[in-house]
Structures are given as C-alpha cells and as structure tokens.
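**Q** Quick one: the structure is below, questions incoming.
Every number here is computed from the coordinates shown, using simple stated rules; none is lab data. Small disclaimer: the values here were computed from a predicted structure and weren't measured. Positions of Cβ are backbone-derived with ideal geometry, glycine not excepted, and every protein chain shown enters the neighbour counts.
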Amino acid sequence: MGLKRGYSAGADLVDVAAVLAAFEAINSVRLSIRLGLVKEEKRDTLYATLEAFEGVEESGEVKVLASARLRLGFPSPQTMEAAILQGLYKLDADLAAGEFARTKVK
C-alpha cells in the first residue's frame, strides 16, 4: 500500500484510516482502539485493545460484538499501523465466529 506513494514499504496512517472505515461499513459496526501500558517484570509493555460494537442502546451502553487485545512489538518490532491491521484480523475472526454461532441449528 505504501509503495504507491514511493516512501514506505508498509501501510501508513492514510491506508489504515481507509481500512478502518471500510471495516466499519462492511461489518456495520463502530470501532474503538485503546492503548494502554502494562507494567511487567522486565519492562513496561504497550497493549492495544480493539473493539467492534453496535450503536448506543437507550441506556447509553454499547453492545460489544468482538474484542481483540494484542501486545505491540511482540514477537518482533512492528509499526503501530501494522499492529492495528493485525488487530483487525483478530476482530474479523471474532465477528465471523459470532455469525457462525448464530446460524447453528438448535
């Protein structure tokens, strides 16, 4: 994706924003991405939590349909953009599993 602009071999923020928008439209969800620092024995580690949710309920609460948590830079260093795209793959798998579970004959 980044090669079309000639300066990067990977996804940049423009690419990630387009993918996020497409993901929301295709799956009829809203996305939330939170970053957090977790104190660990050897060093602090940055985690990202991605959630796909439906619109706001009358009570003001949202219904989370899928969630993915990943440790950034593990097992090898990666860009924030690559981590977000990796998280979207996890969310997509979780959403698909939910869809298949609802279609099982009871």
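**Q** Can you tell me the order of 14-26, 37-49 when each peptide is scored by its average per-residue count of other Cβ atoms within 10 angstrom, highest first?
**A** Numbers: 14-26: 13.5, 37-49: 10.2.
Top to bottom by mean Cβ count within 10 Å: 14-26, 37-49.
**Q** If the chain between residue 103 and residue 14 were fully stretched, how many nm would it gain, using 0.36 nm times the residue separation less the Cα-Cα distance?
**A** 28.4 nm
**Q** May I pose another question? What length, rounded to one decimal in nm, is gained on full extension from residue 90 through to residue 62, with 0.36 nm per residue of separation minus their alpha-carbon distance? Each step should come with its number before you reach the end.
**A** Numbers: separation 28, 0.36 × 28 = 10.08 nm, distance 2.00 nm.
Difference between extended and current length: 8.1 nm.
**Q** On a full-extension model of 0.36 nm per residue, what is the gain between residue 22 and residue 79, subtracting their alpha-carbon distance, rounded to one decimal in nm?
**A** Details: separation 57, 0.36 × 57 = 20.52 nm, distance 2.07 nm.
Gain in length upon complete extension: 18.5 nm.
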